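The values are calculated or read from the model by the stated rules, or taken from the named source; none is laboratory data. Just so it is clear, the structure is predicted and the values come from calculations on it, not from any experiment. We place every Cβ from the backbone using ideal geometry, glycine too, and count neighbours over all the protein chains shown. The protein model used for the area step is the full one, side chains on, heavy atoms only, and it has no ligands, DNA or RNA in it. Shrake-Rupley method; radii C 1.70, N 1.55, O 1.52, S 1.80 Å.
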Amino acid sequence: MGKVYVFDHPLIQHKLTYIRDKNTGTKEFRELVDEVASLMAFEITRDLPLQEVQIETPVCPATAKALAGKKLGIVPILRAGLGMVDGILKLIPAAKVGHVGLYRDPETLKPVEYYVKLPSDVEERDFIVVDPMLATGGSAVEAINSIKKRGAVSIKFMCLIAAPEGVEEIKTAHPDVDIYIAALDEKLNEKGYIIPGLGDAGDRMFGTK
Ligand SMILES: O=P(O)(O)OC[C@H]1O[C@H](OP(=O)(O)OP(=O)(O)O)[C@H](O)[C@@H]1O
Ligand SMILES: O=c1cc[nH]c(=O)[nH]1
Ligand SMILES: [Mg+2]
């Protein structure tokens, strides 16, 4: 069964409070999402393998540690997931970036796929699928289906805010996928919005409301 990690780091929680606040404008919202994505990437990459390398410091030869060159892929779910990509790339610049375009139909709340583009060596990469919001879980489950169908075998899912319903949906559909969350909220409302949540992440990020 996939594990669920909820990050309780004070910096993440502090920044998330300002992301949630309805008085936070588009520019600041984007900057804060970028910063939280970096902080989460720091935690999520904790298990990256290291190897020993030989270097010379100004004082003497030394054996030191370097990343063992694992192939990583970041897959934002468009649109809102895009806001998390740069923050992750700041820490792992060699990662490749795929895209899955999905929107949630406002009536049925079911995901509608409109775009998929992944790195060519899908089978060899460890993927992190990113989206600020995990609500009903329909979009995340569909995005993971989509990249598995194209050959991905190692997948993590990372979001800022999750509803318990969405977490259960991923655990049921994709028990092999670990889930990384900045905050686990209370519930969904009748329109499928996370309570207390932050509203519509895509609209707040791109100023489309
Ligand atoms: O868990 P779910 O119930 O599927 O809802 C979550 C999805 O809804 C939002 O996207 P939205 O459909 O608003 O698209 P956007 O990013 O283009 O705004 C959000 O960014 C997730 O992708
Ligand atoms: O609360 C929610 C639920 C789905 N999508 C969002 O952007 N926000
Ligand atoms: Mg949206």
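Structure above, values below:
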item: When residues of the range 167-207 are limited to those that are open to solvent by 50 Å² or more (accessible area, probe 1.4 Å) and β-branched (Val, Ile, Thr), the one nearest to ligand 2 (Cβ to nearest atom); result: 195
item: Positions within the range 94-117 being modelled with pLDDT of 95 or more and more than 24 Å from residue 136 (Cβ to Cβ), in sequence order; result: 95, 96, 97, 117
item: Criterion: under 24 Å from residue 182 (Cα atoms) and touching a residue at least 12 places away in the same chain (Cβ under 8 Å) - qualifying residue of 39, 50, 67; result: 39
item: From 152, 143, residue being in contact with a Leu (Cβ under 7 Å, 6 or more places away or on another chain), open to solvent by less than 60 Å² (accessible area, probe 1.4 Å) and more than 13 Å from ligand 2 (Cβ to nearest atom); result: 143
item: Tabulated pairs, the range 185-209, first under 12 Å from residue 83 (Cβ atoms) and part of a loop (DSSP other than H, G, I, E, B), second of a type in the set (Asp, Glu) and within 8 Å of ligand 1 (Cβ to nearest atom), C-beta under 7 angstrom, 6+ apart or interchain; result: none
item: Count of the range 140-151 residues which are in contact with a Gly (Cβ under 8 Å, 6 or more places away or on another chain) and not β-branched (Val, Ile, Thr); result: 1
item: Residues satisfying the stated conditions in the range 131-157, i.e. in a loop (DSSP other than H, G, I, E, B), farther than 14 Å from residue 180 by Cα and of a type in the set (D, E, K, R); result: 150
item: Qualifying residue in the range 142-160 (condition: among the hydrophobic types (A, V, I, L, M, F, W, C), within 16 Å of ligand 3 (Cβ to nearest atom), within 19 Å of residue 30 (Cα to Cα) and in contact (Cβ under 8 Å) with a residue 24 or more places away in the chain); result: yes
item: Of all residues making up the range 1-26, the number that are closer than 24 Å to residue 92 by Cα and of a type in the set (Lys, Arg); result: 2
item: Cross-chain or 6+ apart pairs with Cβ under 6 Å, the range 123-134 first and under 19 Å from residue 34 (Cβ atoms) and among the aliphatic types (A, V, I, L, M), then open to solvent by 10 Å² or more (accessible area, probe 1.4 Å) and not in a helix (DSSP H, G or I); result: 128/156
item: The range 115-138, subset open to solvent by 30 Å² or more (accessible area, probe 1.4 Å) and within 16 Å of ligand 2 (Cβ to nearest atom), residue farthest from the chain's Cα centre (by Cα); result: 136
item: Selected residue (criterion: nearest to ligand 3 (Cβ to nearest atom)) from residues of the range 171-201 that are within 22 Å of residue 9 (Cβ to Cβ) and among the small types (Gly, Ala, Ser); result: 201
item: Among the residues listed as 34, 21, the single one being among the charged types (D, E, K, R) and more than 16 Å from the chain's Cα centre (by Cα); result: 21
item: Extreme residue, nearest to ligand 2 (Cβ to nearest atom), among residues of the range 156-166 that are open to solvent by 10 Å² or more (accessible area, probe 1.4 Å) and either aliphatic (A, V, I, L, M) or more than 17 Å from residue 111 (Cα to Cα) (or both); result: 164
